[in-house]
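Here is the structure we will look at.
The values are calculated or read from the model by the stated rules, or taken from the named source; none is laboratory data. The structure presented is a predicted model; accordingly, all values stated were derived computationally and were not measured. Positions of Cβ are generated from backbone atoms using ideal geometry, with glycine treated the same way; all protein chains shown enter the neighbour counts. Surface areas here come from the heavy atoms of the whole protein model, side chains and all, with no ligands, DNA or RNA. Shrake-Rupley method; radii C 1.70, N 1.55, O 1.52, S 1.80 Å.
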Amino acid sequence: MTSAPGPLAIAQALAGALYALGQTGLLAYASHRWSLLGAPVRVPRVPAPWWAADDAPHVLVQLPVRDEPAVVARLIEAVAALDWPRDRLTVQLLDDSGEAAAALGARAVADAAERGLRITQVRRGSRQGFKAGALAHGLAHDAAPFVAVFDADFVPPRDFLRRLLPHFADPRVGLVQARWGHLNRDASLLTRAQAVLLDAHLLVEHVARQHAGRFFNFNGTAGVWRRACIDSAGGWAHDTLTEDLDLSYRAQLAGWRFVYDPSVVVPSDLPADMRAFRMQQHRWVKGALQTARKLLAALWRSPLPFATRLEGAVHLTANLVYPALLALVLLMAPVLAGPTRWPAPWVLASQVALFLVGTLPVVLFLALGQWRAGQRGLRLAADVGLALLLCGGLAWWLTRAVFEGLVGATGEFVRTPKSGGQPRRLVARDVPGRVELLGATLCLVLAGLAMHLTRPEATPFLLAFAAGSLWVGLGVR
């Protein structure tokens, strides 16, 4: 007669089951990357201008800023140089800055106005609604049928409107999105890693979704909206921290079509330090889960094809990989110490399978983005490795963002500090990287335990996670 399993055995079995569940989730999201790799980069056919030479449509350019004195003058100068009839162009500096930064914005606005640009500085009595509130407030004061949006650190090229407006010849098109470039890609290892992540998003993910007719999102800047699309979708809302993603899905659920033109590149500054970058990622991740919480039910109830609904659900919930990844680390100790010992050939086979299903598609996804961005050889491989380490190191902080997005209140929209290449003064809300440093220590201890228990197959993952955690933790001390 066999005895009942003891508490330790039950705990180890439970840990093993949770570990398998987390690994299954990671593999499911990672293997989805395979579906994004095959679409070719095709610049959408650009129709001839659908307006008469002397009757260009009126365009409103909105520039939402808050306390960004290092870049606001550069932004206004670039917008003032746009090749568009001056009597058909209106610019709003939506300035929620404090008095000192607002004074700098006022001077830049006055200088541009003297040169013939129709531009105003729009000041509100409060920051209600944050960026979404500022955009909606500006729309209430202008009736232009097309609206371009640029964040403070972007530098639109002179022909931006000339190249994007023709896509609106199709009355179903509600948004045209341009690609982001990177002014400071080579400034540091951090900016190189960020460029990898953004290039994969813009040169692989957007391309594949457009090619397959799936939903993709406005990236918050460097795009042009049809005003009727914004209005019919319910306008800008501030009940999530990713107002761009939220409006994008509502608009496409309402039947509007989006166009992505990767041939039009709008360069911008990447966050130059780890604190600013981590703050940005926290907002993006939290807001994406808030948007999923808000719109997933409507997406699944829609009459759209199943493939479109599934792709949208994966897109909105993709950041669930961070708690799944963290669970693998935290559950590693009981899994390593458990009684199961697989035969060596099975261990090798399982590791190869996990690599092919889980790791390889992510590596290829990032590498393809770099290839399309013009990177080659060892530089490409090194930058992809940096991006993977960075994502692992961010898992501690972004797991918190996931749970805040799933169950918490909307929270404050914390704008990413824009340095314009200058050193940034730290802000009070910055949080030290103690959790990441403790996580790095834990991973090193677990790697030692794995070697002690003759489970070396676990050490590469743990050492990589430790390196990424150490990088992020030291960067936000």
For L241, distant residues with modelled amide H under 5 Å away
G287
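Quick one: accessible area per residue over region 68-227, 1.4 Å probe, rounded to a whole number of Å²?
On the way: 5530 Å² over 160 residues.
Per residue, region 68-227 has 35 Å² of solvent-accessible surface.
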Mind jotting down the distance between the C-alpha centroids of region 305-335 and region 214-282, whole Å?
22 Å
Whole Å is fine, so just give me how far the alpha carbon centre of region 441-463 lies from that of region 119-194.
46 Å
Gain upon complete extension [R124, D239; 0.36 nm per residue less C-alpha separation]:
39.5 nm
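Roughly speaking, what is the stretch gain from L18 to F306, that is 0.36 nm per residue apart minus the C-alpha to C-alpha distance, in nm to one decimal? Working shown, then result.
On the way: separation 288, 0.36 × 288 = 103.68 nm, distance 2.92 nm.
Gain on stretching L18 to F306: 100.8 nm.
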How large is log10 of I(q)/I(0) for region 236-347 at q = 0.22 Å⁻¹ when the intensity is taken from the Debye formula with one equal scatterer per alpha-carbon?
-1.28
What residue among W396, A140, G234 has its Cα farthest toward the positive end of the dipole of the chain, where the charges are +1 on Lys, Arg and -1 on Asp, Glu, each on the Cβ?
W396
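Is there a quick way to get the dipole size of the chain? I mean about its Cα centre, with the Cβ of Lys and Arg at +1 and of Asp and Glu at -1; what is the value in debye to the nearest 20? Mind dumping the intermediate values first?
Working: 48 positive and 35 negative charges, 106 e Å.
Charge dipole, the chain, about its Cα centre: 520 debye, nearest 20.
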Here are some values of Cα extents along the principal axes in Å: [x] 66, 50, 49; [y] 196, 66, 46; [z] 91, 48, 44. Which one was computed from this structure?
[z]
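Highest first, please rank the peptides 466-474, 107-115 by the mean number of other Cβ atoms sitting within 10 Å of their residues.
Details: 466-474: 22.8, 107-115: 15.3.
Result, highest mean first: 466-474, 107-115.
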Residue separation times 0.36 nm, minus the C-alpha to C-alpha distance between W50 and R115: what's the value?
20.5 nm
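Which peptide among 199-210, 177-188 comes first, and what is the full order, when sorted by highest mean count of other Cβ atoms within 10 Å? Could you put the intermediate results ahead of the total?
On the way: 199-210: 22.4, 177-188: 19.3.
Order by mean packing, descending: 199-210, 177-188.
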As a check on your grasp of the helix formula, calculate [θ] at 222 nm for the chain: sum -39500 (n - 2.57) over DSSP H runs of n ≥ 4, divide by the residue count, round to the nearest 500.
-16500 deg cm²/dmol
With θ set to phi - 60°, apply the Karplus curve 6.51 cos²θ - 1.76 cosθ + 1.60 along region 378-394 and write out the HN-Hα couplings as whole Hz, x wherever there is a Gly or Pro.
4, 4, 4, 4, 5, 5, 5, x, 4, 5, 5, 4, 4, 4, x, x, 7
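Taking R0 as 25 Å, what FRET efficiency do you get between V41 and D83 from their Cβ-Cβ distance, rounded to the nearest 0.05?
Once rounded, the FRET efficiency stands at 0.45.
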Each residue of region 369-377 in order: what ³J(HN,Hα) in whole Hz does its phi give by Karplus 6.51 cos²θ - 1.76 cosθ + 1.60, θ = phi - 60°, with x for Gly and Pro?
x, 5, 4, 5, 7, x, 7, 9, x
Taking the Cβ of G174 as the center, what net charge do the other residues with Cβ under 11 Å away carry, scoring Lys and Arg +1 and Asp and Glu -1?
+3
Once both label points are put 7 Å beyond Cα along the C-beta direction, the L474-A28 separation in nm becomes 3.7 nm
Amide H to amide H, which residues 5 or more places from V122 or on other chains are under 5 Å from it, using H placed in the peptide plane?
L93, L94, D95
Taking the simple approach of a point 7 Å from Cα along Cα-to-Cβ for both T441 and I10, what is their distance in nm?
3.3 nm
Collect residues whose amide H, placed 1.01 Å from N in the peptide plane, falls under 5 Å from the amide H of V264; neighbours closer than 5 in sequence don't count.
R179
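At 20 °C and a viscosity of 1.002 mPa s, what translational diffusion coefficient does Stokes-Einstein give for region 1-144, taking Rh as the Kirkwood radius over Cα pairs? Give it in µm²/s as a whole number. Numbers along the way, then the final one.
On the way: Rh = 20.4 Å.
This corresponds to a translational diffusion coefficient of 105 µm²/s.
Arranged from highest to lowest average of other beta-carbon atoms within 10 Å per residue, in what order do the peptides 164-173, 263-272, 44-53 appear?
Values: 164-173: 17.5, 263-272: 20.4, 44-53: 11.1.
Highest to lowest by the protection proxy: 263-272, 164-173, 44-53.
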